[in-house]
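Here is the structure we will look at, set down as structure tokens.
The values are calculated or read from the model by the stated rules, or taken from the named source; none is laboratory data. Note that the structure is predicted; figures quoted are calculated from it, not measured. For neighbour counting, all protein chains shown are included, and Cβ atoms are generated from backbone atoms with ideal geometry for every residue, glycine included. Quick note on the areas: whole protein, heavy atoms, side chains included, nothing else; ligands and nucleic acids left out. Shrake-Rupley method; radii C 1.70, N 1.55, O 1.52, S 1.80 Å.
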Amino acid sequence: MTIMENIELRGCSEDELIEICQTIGLKRFRAVQLFQWVQQKAVRSWDDMKNIGKSDRQTLSTRLHLYALKKVREQRSNDGTRKYLFCLEDGETIECVLMDYARMKSRDRHTVCVSTQVGCPVGCAFCATGLEGFRRNLSVAEIVGQVLDITYYVRQEDPDFQVTNIVFMGMGEPLLNYDSVLKSIQLLNDAQGLNIGMRRMTISTSGVVPKIIQLAEDNPQVGLAVSLHAARDEIRNSLIPMNRRYPLDQLMRACQEYTQITHRRITFEVALTAENARREEAETLARLLKGQLGHVNLIPVNPVAGTGMERPDQEKMKKFAQVLEDAGISVSSREERGTDIDAACGQLRRQWEGELK
């Protein structure tokens, strides 16, 4: 690591902090303390690091930049889901979501849906994020910061709160910000930080074929979800422009290679509309996935202004799922969370710009 001025503190590993401390004449234990304050205790300012002397804090702040995301708005759904609008240091905005799931026989699950880009370059037809185009990638500090700041805010109500799961399914295409996403995963997994298990993190992609294969080699522990949505190129081209670059035959070969390397099944996400929830489409999907180690997650398309898409009724959803089950394909329907506050799949958008002024 090259030592430079104003390195983003939230994006540094413990080893990187040790190197920085050694360079500026501070002991190794200061780096360990610093990492734990930031990554485990989710503090938002230098003054909160009580066991680090003022002089050392001032010295560290000349090399390390600590920026906590500005919470512009928090919305709470009837089901307990929380959606956050955060402002970044350059004035750009992102949304991310906290979903809570109560469990009877194990610890409750607290899942954060993280954004990886400001906007999205893919432009899927049913997704609100892509309607405003792409602005830039998020830094490691900005990706990790979403989890840290949600942790900080919820701990004001519940000091024992811990995030248990991460899904990279918010704004943006994670595999187009590959290096930052992978380092974020390492930081979130660190035992001296939030200590979130690799297998409790999932990356969702619209189908960036080369990066799917690279992910299998770089981090086979992290889960993979593929936004499939259609089993024929002519339909998928209209839904997911990425398909024109990496059509279904290439995507499915990459998925086969991924499962051969990792021995882990892929979740195939399929958003159903009133038009495509037909038996014919279900049969085509079953043929496409035959022999693939995977699971299909059916999602009724969520209402997004400007897309013109309508969701199917429950009876169509059940019939679609039954065709897949009869063909031996593992399938389930996603539990809806946060639809009433536009926090569900495909609904994240940079809203309430006026509140920033």
Report summary line: Checked against (1) touching a strand residue (DSSP E or B) at 6+ places or on another chain (Cβ under 8 Å); (2) modelled with pLDDT of 95 or more, residue 83 satisfies every condition except (2)
Requested in this report: Would you point out which residue out of 120, 96, 127 is farther than 25 Å from residue 186 by Cβ and buried (at least 24 other Cβ atoms within 10 Å of the Cβ)?
Outcome: 127
Query raised in the report: Here is a list of conditions, (1) closer than 24 Å to residue 138 by Cβ; (2) of a type outside the set (Asp, Glu); (3) more than 22 Å from the chain's Cα centre (by Cα), and residue 87 meets all of them except one; can you say which number that is?
Result: (3)
Query raised in the report: Does residue 121 satisfy the criteria of being outside any strand (DSSP E or B) and closer than 18 Å to residue 205 by Cα?
Result: yes
Query raised in the report: What is the residue count in segment 64-86 for residues that are buried (at least 18 other Cβ atoms within 10 Å of the Cβ) and either of a type in the set (Lys, Arg) or part of a helix (DSSP H, G or I) (or both)?
Result: 2
Query raised in the report: Does residue 95 qualify as being in contact with a strand residue (DSSP E or B) (Cβ under 9 Å, 6 or more places away or on another chain), modelled with pLDDT under 95 and of a type outside the set (Val, Ile, Thr)?
Result: yes
Requested in this report: Take residue 268 and decide whether it is closer than 23 Å to residue 201 by Cβ and open to solvent by less than 20 Å² (accessible area, probe 1.4 Å).
Outcome: yes
Report summary line: The lone condition residue 136 fails out of (1) open to solvent by 30 Å² or more (accessible area, probe 1.4 Å); (2) touching a residue at least 12 places away in the same chain (Cβ under 8 Å); (3) more than 29 Å from residue 15 (Cα to Cα) is (3)
Query raised in the report: Just for helices (runs of 4 or more DSSP H) wholly inside segment 139-251: which have at least 1 residues that are small (Gly, Ala, Ser) and buried (at least 22 other Cβ atoms within 10 Å of the Cβ)?
Result: 140-155, 178-189
Query raised in the report: Can you spot a residue in segment 48-57 that is in a loop (DSSP other than H, G, I, E, B) and either among the basic types (Lys, Arg) or under 28 Å from residue 118 (Cβ atoms) (or both)?
Result: yes
Report summary line: Selection from segment 15-33 of residues surrounded by fewer than 19 Cβ atoms within 10 Å (Cβ to Cβ) and assigned to a helix (DSSP H, G or I) yields 15, 16, 19, 22, 23, 28, 29, 32, 33
Report summary line: Across (1) touching a Lys or Arg at 6+ places or on another chain (Cβ under 8 Å); (2) open to solvent by 30 Å² or more (accessible area, probe 1.4 Å), residue 287 clears everything bar (1)
Report task. Name the one entry in 297, 276 that is part of a loop (DSSP other than H, G, I, E, B) and either modelled with pLDDT of 95 or more or open to solvent by 10 Å² or more (accessible area, probe 1.4 Å) (or both). Result -> 276
Report task. Report whether or not residue 260 is assigned to a loop (DSSP other than H, G, I, E, B) and on the phi < 0 side of the Ramachandran plot. Result -> no
Query raised in the report: When you go through (1) open to solvent by less than 10 Å² (accessible area, probe 1.4 Å); (2) over 22 Å from residue 132 (Cα atoms); (3) assigned to a loop (DSSP other than H, G, I, E, B); (4) of a type outside the set (Phe, Trp, Tyr) one by one for residue 254, which number turns out not to apply?
Result: (3)
Query - Residue in segment 119-139 that is nearest to residue 86 (Cα to Cα), counting only those that are of a type outside the set (D, E, K, R) and at pLDDT 95 or above - result: 138
Query raised in the report: Are any residues in segment 308-345 open to solvent by less than 30 Å² (accessible area, probe 1.4 Å) and either at pLDDT below 55 or more than 27 Å from residue 75 (Cβ to Cβ) (or both), and if so, which ones?
Result: 320, 321, 323, 324, 329, 331, 338, 341, 343, 344
Query raised in the report: Does segment 119-134 contain any residue that is under 12 Å from the mean Cα position of the chain (by Cα), of a type in the set (A, V, I, L, M) and farther than 15 Å from residue 41 by Cα?
Result: no
